[in-house]
1. Which residues, taken from the stretch A:78-104, are part of a helix (DSSP H, G or I) and not β-branched (Val, Ile, Thr)?
2. Kindly provide the set of residues from the stretch B:314-323 that are assigned to a strand (DSSP E or B), more than 7 Å from chain A (Cβ to nearest Cβ) and surrounded by fewer than 21 Cβ atoms within 10 Å (Cβ to Cβ), ordered by number.
3. Exactly one condition in (1) touching a residue at least 60 places away in the same chain (Cβ under 8 Å); (2) open to solvent by 40 Å² or more (accessible area, probe 1.4 Å); (3) under 30 Å from residue B:182 (Cβ atoms); (4) of a type outside the set (A, V, I, L, M) is false for residue B:296; which is it?
4. What pairs can you find where one residue is in the stretch A:122-135 and in contact (Cβ under 8 Å) with a residue 40 or more places away in the chain, the other is open to solvent by 70 Å² or more (accessible area, probe 1.4 Å) and not polar (S, T, N, Q), and their Cβ atoms are less than 9 Å apart, with a gap of 6+ or different chains?
5. Please enumerate the residues belonging to the stretch A:298-312 that are outside any loop (DSSP other than H, G, I, E, B) and within 20 Å of residue A:284 (Cβ to Cβ).
6. Any residue that is within 14 Å of the chain's Cα centre (by Cα), hydroxyl-bearing (Ser, Thr, Tyr) and farther than 23 Å from residue A:147 by Cβ - is there at least one of those in the stretch A:48-63?
7. Taking the condition of being within 8 Å of chain A (Cβ to nearest Cβ), surrounded by fewer than 22 Cβ atoms within 10 Å (Cβ to Cβ) and in a strand (DSSP E or B), how many residues in the stretch B:324-372 meet it?
8. At least 2 residues that are open to solvent by 10 Å² or more (accessible area, probe 1.4 Å) in each: list the strands (runs of 3 or more DSSP E) lying fully within the stretch A:121-207 that qualify.
Protein chains: 2
Amino acid sequence: MTPRGAGRARGRAAGEAQAVILAGGRGTRFWPLGRRSRPKQFLPIAGPDTMVEETVRRLGAVIPVKRVWTVADAAQTRALRRLLPRVPRNQFVIEPLARNTAPSLILATARIYLENPAAPVAVFPADHLIRKPARFRGKLAAALEIAQRDAAIVTFGITPSYPATGFGYIRFSEDSPRRLGRELFHRVRAFKEKPGEGLAAEFLAAGDSFWNSGMFVWRADVFAGTLKACAPDLFVFWERILEALKKGRPAALRRVFEEMPSISIDHALMERASGILVNEGDFGWSDVGAWSALLDIWKRDPAGNALKGETVGLDAAGCLVYNPGRLTALVGVRDLIVVETGDALLICAAGQDQRVREVVDILSKRGRKKYL
Amino acid sequence: MTPRGAGRARGRAAGEAQAVILAGGRGTRFWPLGRRSRPKQFLPIAGPDTMVEETVRRLGAVIPVKRVWTVADAAQTRALRRLLPRVPRNQFVIEPLARNTAPSLILATARIYLENPAAPVAVFPADHLIRKPARFRGKLAAALEIAQRDAAIVTFGITPSYPATGFGYIRFSEDSPRRLGRELFHRVRAFKEKPGEGLAAEFLAAGDSFWNSGMFVWRADVFAGTLKACAPDLFVFWERILEALKKGRPAALRRVFEEMPSISIDHALMERASGILVNEGDFGWSDVGAWSALLDIWKRDPAGNALKGETVGLDAAGCLVYNPGRLTALVGVRDLIVVETGDALLICAAGQDQRVREVVDILSKRGRKKYL
């Protein structure tokens, strides 16, 4: 099959593909811009629009907006409806309770399954950046076709650039990958939880490991079958959710959620399943993990400062400033993160931005709810 | 004369003493809190009230508020009237034009001279801090008595703590000082302009030098006589100002100001006059020259941070924060000056706060008037 022929085939195969945007994430790493009620996916930090809007937009024609689903709690869903007015109203899936990603994805996939059991489903976190969206769309179309044709769960893995301990890893076999056009799909040997430093260095050195991007592609029926085969404890909930959805019983759905464990899709399914395929996600991915990640994403001035808002800099270098609509003057400072939001100001050494969580914890202990 | 007797005598001698507050200063060293329309004397930075209010309050019973005069331009005088409602309305002296301190003090002293030629006049910058106001009042009363009794110009000198190049110096004779109670009044040998580093070090080593505090005490008639004897070029203006005031001619007064040179009282009179006396101003004086000066004035936390506004500090030390009514979080930062005023934010290495003027210059060149 020529690449051109492959492109046409992928286009047809992805015809009925559905996207599920995991938009229920919480987090305080972007405090003070991010608050409890406005986590990262609702912030316009990686581009002019919020990250969830960018996540939907980059799907382009591969999965048009009328086939996008979101999953989040009721409050977040209200915000999502405002941001994504072109998503059909019945495709904003509301979690009865905040659980982890496995319950969210069982629910969202069940909703799609009831409409079309063979529908290919692509799952995306709402708060990641992809700098090469055209390349991403090409790979997504290929993954959808492989997932549909071969009844496989497919994921994207990110080639590690350093021995990160903050990501899960996917170890894969370099032998006889499946091929579609130019794309290689490797057999996954194992999903690995976030490793310690030593193990992370080993994974990096071995050269057969990707970071787990949290993006997955599956046919709804294949998801159900894999759950039944590999996670029968959870398949019970899948069946009860299908039943509650068919009968239109929100109270029953809520009871199922109350009983389900809070567990990630990685633990629940990926670590247990076999036959998963992984394609290299070399499309400029970033999880935008903390403020300092934006130093690599925002445009920098010649002194290496990344600036949102009017700025005067004298002997200032390596600083990230978010203070739109106001003036910031930097004099003789290096490698600072500065975020001003009208009521709160963060000034943080760039290498210590993981400690922003501690600030939020302290404010929480002080009972300063207006800053949370 | 016993100290007690001296105290009573000083109380009587200072009976009609008048204070002149030089409140027309401009400056941008406290940007962004300080703006063109709100220089240092109008800022509540050294205490709960503005520096000009503190300047008047610390005079206490030695020069009560009904004998306080201010000198400033028309716009600043409007602000002064709001801040100092108990100062008699006719004692807000308006400079027709912004000149330096010599024209201001010729005008203010002339106003007082017309009411009482023998009145002792004490001159104070509006933007200095005095941490020991009771001690200051005792010394002021003594200086007023000496100035009145001996027909001398008296000044306060500050014992240098380092070879500052930002202050003028007063070199004095250690031989046979005049004495009043416990106070010594040394004969001034010379007023010296701001020196270079080498000369400043020499002055410090010699031990016979004070910093020029800019505070002076004189009888109005002695001021006029000294001007006539030592600065006849300026005495001409003194006479023309007296004439314009007597005839109530603001236009004539303005013309005199237009012709007067822009010259400081130090250059105009102190450097030329003889017989000036200096008393040690060891009353906790500071000119509060820039933001970092407040690190020595504001209360510090155990990590050496001086904070106005609610703060969360993680591994933060030596920082000065002015952000009242809002929250500031500092993570892993050292020796920073942080000033947030709603529309503008300054973040400056503590050792580089003199460069705040450059920020203002850049904003001026950019035409960003709203920040000036």
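The values are calculated or read from the model by the stated rules, or taken from the named source; none is laboratory data. Just so it is clear, the model here is predicted, and its values are computed rather than measured. Don't worry about glycine lacking a Cβ; one is built from the backbone with ideal geometry, like all the others, and counts go over all protein chains shown. Heads up: the accessible areas ignore ligands, DNA and RNA and are worked out on the full protein's heavy atoms, side chains in. Shrake-Rupley method; radii C 1.70, N 1.55, O 1.52, S 1.80 Å.
1. Just the residues of the stretch A:78-104 that are part of a helix (DSSP H, G or I), to begin with: A:78-83, A:89-91, A:101-104.
Once the filter is applied, which keeps residues that are part of a helix (DSSP H, G or I) and not β-branched (Val, Ile, Thr), the stretch A:78-104 yields A:78, A:79, A:80, A:81, A:82, A:83, A:89, A:90, A:91, A:102, A:103, A:104.
2. Hit for the stretch B:314-323 is B:317, nothing else.
3. Among (1) touching a residue at least 60 places away in the same chain (Cβ under 8 Å); (2) open to solvent by 40 Å² or more (accessible area, probe 1.4 Å); (3) under 30 Å from residue B:182 (Cβ atoms); (4) of a type outside the set (A, V, I, L, M), residue B:296 violates only (1).
4. Note: pairs meeting the criteria are A:133/A:57.
5. Correct list: A:300, A:306.
6. Taking every residue of the stretch A:48-63 in turn, at least one turns out to be within 14 Å of the chain's Cα centre (by Cα), hydroxyl-bearing (Ser, Thr, Tyr) and farther than 23 Å from residue A:147 by Cβ.
7. Qualifying residue count for the region: 3.
8. Here the list reads A:169-172, A:178-180, A:183-192.
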